[in-house]
1. Working carefully through the options Thr44, Thr90, find the one that is of a type outside the set (D, E, K, R), over 14 Å from Ala285 (Cβ atoms) and either touching an Asp or Glu at 6+ places or on another chain (Cβ under 9 Å) or modelled with pLDDT under 95 (or both).
2. Scan region 329-343 residue by residue and report those that are more than 18 Å from Ile361 (Cβ to Cβ) and buried (at least 17 other Cβ atoms within 10 Å of the Cβ).
3. Determine whether region 300-313 contains at least one residue that is outside any loop (DSSP other than H, G, I, E, B) and in contact with an Asp or Glu (Cβ under 8 Å, 6 or more places away or on another chain).
4. Are any residues in region 12-53 among the charged types (D, E, K, R) and under 25 Å from Phe343 (Cα atoms), and if so, which ones?
5. Considering only region 93-106, I want to know if a residue exists there that is of a type in the set (Asp, Glu), assigned to a helix (DSSP H, G or I) and within 16 Å of the ligand (Cβ to nearest atom).
6. If Leu297 passes every condition in (1) among the aliphatic types (A, V, I, L, M); (2) assigned to a helix (DSSP H, G or I); (3) surrounded by fewer than 17 Cβ atoms within 10 Å (Cβ to Cβ) but one, which one does it miss?
7. Considering only residues of region 129-145 that are within 16 Å of the ligand (Cβ to nearest atom) and surrounded by fewer than 17 Cβ atoms within 10 Å (Cβ to Cβ), which is nearest to Ala204 (Cα to Cα)?
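The values are calculated or read from the model by the stated rules, or taken from the named source; none is laboratory data. This one's a predicted model, so the numbers in the text were calculated from it and none came from an experiment. Don't worry about glycine lacking a Cβ; one is built from the backbone with ideal geometry, like all the others, and counts go over all protein chains shown.
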Amino acid sequence: MITKEQCEQMDLADPLAPLRDQFVIAPGTIYLDGNSLGLSTYATQQRVADTAATQWAVDGIKSWNTADWINLPVTVGNKIAALIGATKGTTICCDSISVNLFKLICLAKQAKPERFKIISTTDNFGTDLYIVQGLQQLLDQGELQLVTVDESELAQHIDSDTLLVMATQVNFRTGNLLDVASLTASAHSKGAMMLVDLAHSAGALPVHLDQCNVDFAVGCTYKFLNGGPGAPGFAYVNANHLGKLAQPIYGWMGHSAPFDFSPEYTPSNSIKQLLTGTPPILSMAAIDAALDVFDGLDMHSIRMKSMALGNLLIAQIEQLGLLGELTLASPRDAEQRGSQVSFYHEHAYGLCQALIERGVIADFRAPNILRIGLTPLYLRYIDIANTAHHIAECLSNDEHLDCRWQTKNAVT
Ligand SMILES: *Cc1c(COP(=O)(O)O)cnc(C)c1O
């Protein structure tokens, strides 16, 4: 059994350890939900306060120019691009994943109108599938077909009718990690396009969009990028497609000259065409500040620590004799896993609530998954060891069976 002392030694030797001090962490808590809502940095709090109190309250509308608010979607997009292996000018920060998926799927359809199949995974995040279903309602029958298959079978279903492979790189339930390079190559070998959802990848592991020649990608900023609740997401369009395709939610911010106020829509030929309406500046300012944490860091070192934290958690749970009552839902091999470890448990909701009551902020995914998000920027090895002990105590005291957990909260 790895002792708490050994974990403390690992923290002392951890090159990322000092980053924790940049984050606001409620005393007495272990925050394991950075894959759902990342924590705030002190700098982010300050930036939001300044944006409101100085730029908005004092400089008012001038700030669109003086504080360069108008370019925030692009400047923030470029900061994100650096984390996902994308060149400048191919990534923009706007809207939610859901809305961005709509736009990008339409781009794919424009590029290859004769193709109609979208291959995705049966257990993809709901919204990814709903957007396709909604789009099917808008199009004529037969123009778009959604085929959902097991994650392991994506490549074998791609055929000459396939328009798009739409995959989430890290499965939000299990943390299973897909090989984007090989999937993209398979899609392209059949003339199909590739759209990757990076919701649980961006800020958590190295991503190489350009290198893999991915066509389109989406992601959110409120998970591992710590942009804040409801912060806008991002969209990536491979440079090969930019200027050739136009997403259909024509809005003035995607116009080539928004302030001409011309009655006709002329699409911008840059990544700005992905924009629709006015950007939410307070949120954009928060993301912009939050991303500064990644300055000078390489995603490889974040990934190394993330894998080590995951391995430690699994080892501790096993050594405490709990890998019978809890079943590992995530791949055991860290290389096959994103930055989370999930366990099945019959009373996963109760267990999660009991942990939260102890200050261990884990999360639950229906129907029976306890999900532990691992954010290397602010989690310590000792936190993981303590988490395993809290889980053991909850279970042995039957805290997870408390009748208070019989009705679920609105947000789980
Ligand atoms: C979190 C998440 C989303 C969220 O979509 P929004 O439209 O930004 O709310 C979408 N897809 C996946 C895979 C996610 O994990």
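1. Working: Thr44 fails: over 14 Å from Ala285 (Cβ atoms).
Matching residue, one of Thr44, Thr90: Thr90.
2. As a first pass, look at region 329-343 and keep what is more than 18 Å from Ile361 (Cβ to Cβ): 329-338.
Passing the criteria: Ala329, Ser330, Pro331, Ala334, Arg337, Gly338.
3. yes
4. Asp33
5. No, because not a single residue in region 93-106 is of a type in the set (Asp, Glu), assigned to a helix (DSSP H, G or I) and within 16 Å of the ligand (Cβ to nearest atom).
6. The number of the failed condition is (2).
7. Filtering region 129-145 for residues that are within 16 Å of the ligand (Cβ to nearest atom) and surrounded by fewer than 17 Cβ atoms within 10 Å (Cβ to Cβ), the one nearest to Ala204 (Cα to Cα) comes out as Tyr130.
Residue by residue, here is whether (1) surrounded by 14 or more Cβ atoms within 10 Å (Cβ to Cβ); (2) among the small types (Gly, Ala, Ser); (3) at negative phi holds:
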{"site": "Ile2", "(1), (2), (3)": "yes, no, yes"}
{"site": "Ala13", "(1), (2), (3)": "no, yes, yes"}
{"site": "Pro27", "(1), (2), (3)": "no, no, yes"}
{"site": "Gly34", "(1), (2), (3)": "yes, yes, yes"}
{"site": "Lys62", "(1), (2), (3)": "no, no, yes"}
{"site": "Asn71", "(1), (2), (3)": "yes, no, yes"}
